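Here is the structure we will look at.
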Amino acid sequence: MARRTAPILKQLFQSSDKSTHLGLLSRFDPKRSVTYMPRPGDGSPRAVTLIPGDGIGPLVTGAVQQVMDAMHAPVFFERYEVHGDMKKVPEEVMDSIKKTKVCLKGGLMTPVGGGVSSLNVQLRKELDLYASLVNCFNLPGLPTRHENVDIVVIRENTEGEYSGLEHEVVPGVVESLKVMTKFCSERIAKYAFEYAYLNNRKKVTAVHKANIMKLADGLFLESCREVATNYPGIKYNEIIVDNCCMQLVSKPEQFDVMVTPNLYGNLIANTAAGIAGGTGVMPGGNVGADHAVFEQGASAGNVGNLKLMEQKKANPVALLLSSAMMLRHLQFPSFADRLETAVKCVISEGKCRTKDLGGQSTTQEVVDAVIAALD
């Protein structure tokens with residue numbers, strides 16, 4: 001068959017009839033270009049552990065599943081029910097994540113007080129998801145107080161104030177330990193600088209409180225300074241956390257990549273998310289050497305919002321963008337690009353937006369608009 005068609009194709013493209021040649025070329029979309037050359041086996045479908053979570057979690061994870069099906073993304077989900085009031089993450093769920101190495105997760109409600117530990121923290125510790133990454137950036141068409149915001153907050157995820165080492169010394173007196181180690185501080189600093197280097201970022205800012213916590217945060221700063229010497233092409237600076245908060249809300253465009261200990265990173269990421277459009281549009285993920293869990297980037301404070309659940313008006317954008325990060329992590333960049341482009345197109349048009357973005361659309365209406373925008 002190939003021998004018979006080759007002369008025909010040669011004759012066709014060598015034809016002196018230019019109109020025929022131009023007609024053939026016009027069939028191809030001139031806007032499309034080859035951006036990714038797949039390696040053999042890259043397109044094999046990958047299993048992903050899915051934890052819908054609590055509250056609006058099933059609604060937004062369901063939105064991701066619909067979009068993934070519509071774009072024929074090469075992933076399939078292993079779904080498990082996990083809820084924030086459980087004492088620990090079930091063994092079969094942990095086994096699934098250890099097997100698939102990738103998890104997509106809705107929000108889990110953590111009971112306040114009462115000695116119940118956070119399942120989110122359990123996941124991060126058991127899987128050694130030492131780096132939390134939240135990307136806070138302006139979306140075209142979404143008005144905010146500040147422009148040119150594009151901040152990546154990289155937070156140490158396994159120690160610090162969230163170590164969970166607390167006990168009551170005597171009735172009415174509680175001791176809570178903040179643990180900082182050279183190993184973890186160096187590891188997160190290397191991740192931040194490597195991220196900046198690979199993503200063409202120009203500056204890394206270390207956030208600290210070493211003027212007061214001289215030993216703990218001093219160790220963190222010392223580690224960041226040592227790692228910075230290996231990346232002379234990336235500017236490095238430091239900022240005290242309280243000044244950082246003030247600078248964030250006044251001149252956020254000055255920040256690029258920020259590397260922080262655990263507690264500070266949680267606060268900084270949520271502040272930056274609020275500046276750039278709200279927690280409903282900020283993607284994020286928790287990454288370790290072997291496993292990754294992708295979820296809404298900033299604090300999912302709306303997880304238990306009964307009104308959103310009843311009206312089915314939860315914003316799926318953050319988790320859709322997080323799932324695009326997941327696709328890129330799985331080495332499916334063309335699918336990630338398609339998804340991100342469709343989401344940004346919907347936000348830019350402004351016709352389908354949930355209440356937190358100034359609209360009245362339901363989750364399903366946003367999903368339908370994203371699916372329609374897929375090229």
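Here, each number is a calculation from the coordinates, and none is a lab measurement. Owing to the predicted nature of the structure, the values given are computational and were not obtained by experimental measurement. Glycine also receives a Cβ, built like all others from the backbone with ideal geometry; neighbour counts cover every protein chain displayed.
Values for this structure:
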quantity	calculated
Dipole axis of the range 66-149 (+1 Lys, Arg; -1 Asp, Glu on Cβ), positive-most option in M68, H83, T110	T110
Environment charge at Q364 (Cβ cut-off 10 Å; Lys +1, Arg +1, Asp -1, Glu -1)	0
Cross-link pairs beyond the 29 Å C-alpha cut-off, checked among K203/K313; K101/K351; K209/K235; K87/K182; K125/K182	K203/K313; K101/K351; K87/K182
Tensor-based shape of the range 272-372 (alpha-carbon gyration tensor, a/c under 1.5 rounded, otherwise prolate or oblate)	oblate
Theoretical FRET efficiency, 1/(1+(r/R0)^6), r = Cβ-Cβ of S334 and R79, R0 25 Å, to 0.05	0.45
Around S223: net Lys/Arg minus Asp/Glu count, Cβ-Cβ under 11 Å	-1
Linear extension gain, Q254 paired with T229, 0.36 nm per residue minus alpha-carbon span	6.8 nm
Cβ-based exposure ranking for I212, I371, I151, in which fewest neighbours within 10 Å come first	I212, I371, I151
In order through the range 51-65: 3J(HN,Hα) via Karplus (6.51 cos²θ - 1.76 cosθ + 1.60), integer Hz, x for Gly, Pro	10, x, x, 9, x, 6, x, x, 5, 7, 5, x, 4, 4, 4
In order through the range 246-263: 3J(HN,Hα) via Karplus (6.51 cos²θ - 1.76 cosθ + 1.60), integer Hz, x for Gly, Pro	5, 5, 4, 7, 9, 9, x, 5, 6, 9, 10, 9, 10, 10, 9, x, 4, 5
Local net charge near K351, Cβ-Cβ under 13 Å (Lys/Arg +1, Asp/Glu -1)	-2
